[in-house]
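Q: Sending over a structure as structure tokens; questions will come in a sec.
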Amino acid sequence: MLGYYSSLSAEVYDMDKPAGHSFGDVEYYSERLKGVSGKVLEPATGTGRILVPLVKQGFNVEGFDLSGEMLAIARHNCEEHGVKAELRQDNMVTFERSGKYEAVIVPTGTFLLISDRKDSIRALENFYRHLADGGRLILDVFLQTDFEKGRVSVRTWDCENGDRITHENTLVEVDHVNQLTVSHGRYERWRGGKLVESELERFPLRWYGIEEFRMILENIGFQDVVVSADYEYGRPPERADQTVTFEAVK
């Protein structure tokens, strides 16, 4: 099962992480893609946060996403930034393309939204099939560190039109055996002190051990797997709170 983004969550994502916003990943992916002149695929491209700056730098990036709401914002962001990119609605597990790609990139842990393990492996196999020989997969994951069931977090965003959007997130399920957490999110739009819109979201996240994920990639057929921490290429992870990037070659 893939995570689903509601329209309010898509709006919040774009406000919180606008096109071009970087956690160090925009610069990292730009550097790792140097020399790539062919097509690059970004599954689960979201609102185009990374796609837009990569296309502006001259990379030929195509994107797709499961959420039509996310894609609508991505198309708007492309237009606003004066870039053109092919964007489609699709998912990581079953997408089909006739051509091959020099690189497939999945930044920011988005791959972990595939909550079913069999589906996640099918997605990785799909990436492998769509890569040209010598093509590279670059993919971020993070380790799960919060297992406090019932923990509630709240964030607030003020919109340009004066609306306020709040997000309350509650961790409701921790499955250590299947390496899965599930959170329930509630988005609410407030206008003039009155609630005018509300949406609920089920948010599953899978986690993997570092060596486990390396073995999965190698079993699929990937070679030369490099594991990097916090967007420093080749730097081994040392802490559970670091972003971990896998790079592997077909």
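The values are calculated or read from the model by the stated rules, or taken from the named source; none is laboratory data. Worth saying up front: this structure is predicted, and the values here are computed from it rather than measured. Quick reminder, even Gly has a Cβ in these numbers, built from the backbone with ideal geometry, and neighbours come from all protein chains shown. What goes into the accessible areas is simple: the full protein's heavy atoms, side chains included, and nothing from ligands, DNA or RNA. Shrake-Rupley method; radii C 1.70, N 1.55, O 1.52, S 1.80 Å.
Q: As I understand it, the value is the acute angle between the Cα axis of helix 68-80 and the longest principal axis of the Cα atoms of the chain; what does it come to in degrees, rounded to 10?
A: Tilt of helix 68-80: around 80 degrees.
Q: Please work out how much length the chain gains when fully extended from ILE210 to ASP175, using 0.36 nm per residue of separation minus the C-alpha to C-alpha distance, in nm with one decimal.
A: Details: separation 35, 0.36 × 35 = 12.60 nm, distance 1.83 nm.
Working it through step by step, the gained length comes to 10.8 nm.
Q: Moving on to the next point. Using a 1.4 Å probe, how large is the accessible area of CYS159, given in Å² and rounded to the nearest 10?
A: 20 Å²
Q: Still on this structure: Per DSSP H run of at least 4 residues, take -39500 (n - 2.57); add these up for the chain, divide by its residues and hand me the 222 nm value, nearest 500 deg cm²/dmol. Intermediate values should be presented prior to the final figure.
A: On the way: 6 runs with 62 residues, N = 250.
That calculation yields -7500 deg cm²/dmol at 222 nm.
Q: Let me ask something else. Answer rounded, prolate or oblate for the chain, using the Cα gyration tensor with square roots of eigenvalues a ≥ b ≥ c: rounded when a/c is under 1.5, else prolate when a/b is larger than b/c, else oblate.
A: Because a/c hits 1.5 or more and a/b fails to exceed b/c, the chain counts as oblate.
Q: Taking Cα pairs under 8 Å and at least six residues apart, what relative contact order does region 79-156 come out at, in percent?
A: Working: 61 pairs, mean separation 29.7, N = 78.
Computed over region 79-156, the figure is 38 percent.
Q: Turning to a different aspect of this structure: Using 7 Å Cα-to-Cβ label points, what is the ARG239/LEU195 separation (nm, one decimal)?
A: 3.8 nm
Q: Give me the accessible area per residue for the chain, probe 1.4 Å, as a whole number in Å². Don't skip to the end; give the middle numbers.
A: On the way: 11790 Å² over 250 residues.
On a per-residue basis, the chain sits at 47 Å².
Q: Looking at this model, which pairs from LYS39/LYS118; LYS149/LYS250; LYS17/LYS39; LYS56/LYS250; LYS56/LYS100; LYS84/LYS118 are more than 29 angstrom apart at the alpha-carbon? Working shown, then result.
A: Working: LYS39/LYS118 27 Å; LYS149/LYS250 40 Å; LYS17/LYS39 25 Å; LYS56/LYS250 27 Å; LYS56/LYS100 22 Å; LYS84/LYS118 34 Å.
Violating the 29 Å limit, Cα to Cα: LYS149/LYS250; LYS84/LYS118.
Q: Let me know the shape class of region 82-179, please: from the alpha-carbon gyration tensor, a ≥ b ≥ c as square roots of the eigenvalues, rounded when a/c is under 1.5, otherwise prolate if a/b is greater than b/c, or oblate. Walk me through the numbers on the way to the answer.
A: On the way: a/c = 2.79, a/b = 1.39, b/c = 2.02.
It is oblate, given that a/c is not under 1.5 and a/b is not larger than b/c.
Q: Return the carbon/sulfur percentage of the accessible area of region 1-112, one whole number, probe 1.4 Å, all protein chains in place.
A: 49 percent
Q: Using only the heavy atoms of the protein chains and a 1.4 Å probe, how would SER153, SER9 rank by accessible area, largest first?
A: Values: SER153 45, SER9 5 Å².
If we order SER153, SER9 from most to least accessible, we get SER153, SER9.
Q: Of ILE216, GLY193, ASN178, whose Cα points farthest to the positive end of the dipole of region 154-250 (charges on the beta-carbon: +1 Lys, Arg; -1 Asp, Glu; origin at the Cα centre)?
A: GLY193
Q: Right, here's the next one. Considering Cα pairs under 8 angstrom that are at least six residues apart, work out the relative contact order of the chain and quote it in whole percent.
A: Working: 514 pairs, mean separation 44.4, N = 250.
Here the relative contact order equals 18 percent.
Q: I want the local charge near PHE95. Using Cβ-Cβ distances under 13 Å, sum +1 for each Lys or Arg and -1 for each Asp or Glu among the other residues. All intermediate terms of the calculation are to be shown ahead of the outcome.
A: Working: positive: ARG88, ARG97, ARG122, ARG129; negative: GLU42, GLU62, ASP65, GLU86, ASP90, GLU96, ASP119, GLU125.
Taking every other residue near PHE95 into account, the sum is -4.
Q: Just need the relative contact order of region 173-241 here, percent rounded to a whole number, with Cα pairs under 8 Å and 6+ apart. Numbers along the way, then the final one.
A: Values: 69 pairs, mean separation 13.3, N = 69.
Relative contact order for region 173-241 comes out at 19 percent.
Q: Please give me the summed charge of the neighbours of VAL174: other residues whose Cβ is under 14 Å from its Cβ, Lys and Arg +1, Asp and Glu -1. Walk me through the numbers on the way to the answer.
A: Values: positive: LYS149, ARG151, ARG206; negative: ASP146, GLU148, GLU173, ASP175.
In short, -1.
Q: What fraction of the DSSP beta bridges in the chain is antiparallel, stated in percent and rounded to the nearest 5? Don't jump to the answer; show the numbers that get you there.
A: Details: 43 of 58 bridges.
Roughly 75 percent of the beta bridges in the chain run antiparallel, per DSSP.
Q: Going from most exposed to least, what order do THR156, THR166, THR181 have by accessible area with a 1.4 Å probe?
A: Details: THR156 70, THR166 30, THR181 5 Å².
Ranked list, largest accessible area first: THR156, THR166, THR181.
Q: Apply 1/(1 + (r/R0)^6) to the Cβ-Cβ distance of ASN161 and GLN89, taking R0 = 22 Å, and write down the FRET efficiency to the nearest 0.05. Intermediate values should be presented prior to the final figure.
A: Numbers: r = 27 Å, r/R0 = 1.24.
With R0 = 22 Å, the Cβ-Cβ based efficiency is 0.20.
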